[in-house]
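K.L.:
The structure's right below; bear with me while I get my questions together.
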Amino acid sequence: MKRSELSEFEIEEEGFKLRLCRKNGDTQIVHAAPLAAAPAPAAAPVGAPAAAAAPVEEKGISVVKSPMVGTFYTSSSPESPAFATVGTKVGADSIVCIIEAMKVMNEIQSEISGTITEVLIENGEAVEYGQPLFKVKTA
C-alpha cells in the first residue's frame with residue numbers, strides 16, 4: 001500500500017469481504033468477515049439517539065441495507081428528483097439510491113417490494129456495509 005500510495009483497499013469475493021485502511025503509515029484491517037454473517041453493530045455517532053444504532057424490528061416492515069461502504073445519494077444529480085422518498089412504491093428491482101464508492105456510482109436496488117415508509121440516511125452522508133438505508137412496508 002505504501003509503494004502505490006493507496007490509503008484504502010476493499011475486495012469482495014465468494015462470500016467474503018475485506019477492507020484495509022492505511023493511517024499514519026500503518027496498515028489496519030478495518031473489516032474482514034464472511035458476507036453471510038451479520039455485520040457487527042456500529043457505534044452510534046456522538047449525540048445520535050440510541051435508536052439510530054440498532055433499529056427495532058417492526059412487523060410488516062423490512063429494511064433496505066447498504067451493500068457497500070460509500071457515500072449515499074438520493075438521486076443521480078442535484079437537479080434530478082430522488083429515486084425513492086416516503087410513500088414511493090418500489091419493486092425488488094427498483095433503484096432506490098446511489099452509493100458512490102471509489103469514484104464509481106453504484107445504483108442500489110430495493111430487493112424488497114412495498115412502500116417506502118422512512119428514509120434513514122441524509123443525502124451526501126457516508127454509509128457503512130450493512131447500514132439500514134430505507135424502511136419498506138411490505139404487502
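Nothing in this text is a laboratory measurement; each read-out follows from the coordinates by a stated rule. Model, not experiment: these values are computed from the prediction. FYI the Cβ positions are ideal-geometry reconstructions off the backbone, even for glycines, and counts take in every protein chain you see.
K.L.:
Rounded, prolate or oblate: which fits region 59-137 when a ≥ b ≥ c are the square roots of the eigenvalues of the alpha-carbon gyration tensor, with rounded for a/c under 1.5 and prolate only if a/b beats b/c?
P.N.:
prolate
K.L.:
May I ask you to derive the relative contact order of region 59-137, considering only C-alpha pairs under 8 Å and at least 6 residues apart, and to give it as an integer percent?
P.N.:
Dividing the mean separation by the residue count of region 59-137 yields 42 percent.
K.L.:
First select every other residue whose beta carbon is under 11 angstrom from the beta carbon of T74; then total the charges, Lys and Arg +1, Asp and Glu -1.
P.N.:
For residues surrounding T74, the net value is -2.
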